[in-house]
Amino acid sequence: MFTLGLIVLMTVWQRHTHINQQLLTLDQSILQLKERKGLKPAEPQLQAKSSADLLAKIEEAKKLASFLMIPWGDVLNALESSALDGLALLAIEPDAKKRQLKITAEAKNKDIMFSYLEKLEASGELANVYLLKHEVVEDVDQHPIRFVAVATWKDHQ
């Protein structure tokens, strides 16, 4: 499941990169055509808008770069090696700036939930694992415990 998620992530990133490259090529072609036709350069107001667009694109690129700098192999290894029967991983939400991972999961009971948190903490890839919140899901037959945990990933550089 994690491998599939990583493959999807990489496919989306490659597609995003390809589209941006196509846009850059089209922009360059437009500039060349304007130069050949002797058209005036963009007016200052348009240049300011272009600068704002460029800054927005740079910010987006920085966010993508920080997302890609997450040690995904280590993070996914920790999640996979900590898997337990009676536990379902529902979501992971990385925060690259804080170097944290928010983990949403369901466990059959509190013992499985705590065992999972202990295994995450014992992994060599994650640290400072703590339970953020939990609730018993009453509208499901077996009344699993849905919980959110937070962990910090370690740098192995």
(request) Can you confirm whether the stretch 49-67 contains a residue that is farther than 30 Å from Leu117 by Cβ, modelled with pLDDT under 75 and of a type outside the set (D, E, K, R)? (result) yes
(message) Can you tell me which condition Ser81 does not meet? The list is (1) loosely packed, with under 12 Cβ neighbours inside 10 Å; (2) at pLDDT 80 or above; (3) not hydrophobic (A, V, I, L, M, F, W, C), and all the others hold.
(response) (1)
(message) Take Ser115 and tell me if it is hydroxyl-bearing (Ser, Thr, Tyr) and either out of contact with any Leu (no Cβ under 7 Å at 6 or more places or on another chain) or more than 29 Å from Met10 (Cβ to Cβ) (or both).
(response) yes
(request) Would you mind stating whether Ala127 is at pLDDT 95 or above, assigned to a strand (DSSP E or B) and open to solvent by less than 40 Å² (accessible area, probe 1.4 Å)? (result) no
(request) Name, by its number, the condition in (1) part of a helix (DSSP H, G or I); (2) of a type in the set (Asp, Glu); (3) closer than 28 Å to Asp139 by Cβ that does not hold for Glu80. (result) (3)
(request) Identify, by number, the condition in (1) out of contact with any helix residue (DSSP H, G or I) (no Cβ under 8 Å at 6 or more places or on another chain); (2) open to solvent by 40 Å² or more (accessible area, probe 1.4 Å); (3) modelled with pLDDT under 95; (4) closer than 24 Å to Ala65 by Cα that Lys102 doesn't meet. (result) (3)
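Residues being part of a loop (DSSP other than H, G, I, E, B) and touching a strand residue (DSSP E or B) at 6+ places or on another chain (Cβ under 9 Å): count how many of those fall in the stretch 83-111.
Step one: filter the stretch 83-111 for residues part of a loop (DSSP other than H, G, I, E, B), giving 83-86, 96-99, 108-109.
The next check asks that each one be touching a strand residue (DSSP E or B) at 6+ places or on another chain (Cβ under 9 Å); those that pass are 83-84, 86, 98-99, 108-109.
Number of matching residues: 7.
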(request) Please determine, by comparing only the residues of the stretch 1-22 that are open to solvent by 80 Å² or more (accessible area, probe 1.4 Å) and farther than 26 Å from Asn77 by Cα, which one is modelled with the lowest pLDDT. (result) His18
(request) Check the stretch 137-144 and report whether any residue there is surrounded by 15 or more Cβ atoms within 10 Å (Cβ to Cβ) and not acidic (Asp, Glu). (result) yes
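The values are calculated or read from the model by the stated rules, or taken from the named source; none is laboratory data. Quick caveat, the model's predicted, so the values are computed rather than measured. Quick reminder, even Gly has a Cβ in these numbers, built from the backbone with ideal geometry, and neighbours come from all protein chains shown. Remember, those area values only see protein heavy atoms, side chains included, never the ligands or the DNA or RNA. Shrake-Rupley method; radii C 1.70, N 1.55, O 1.52, S 1.80 Å.
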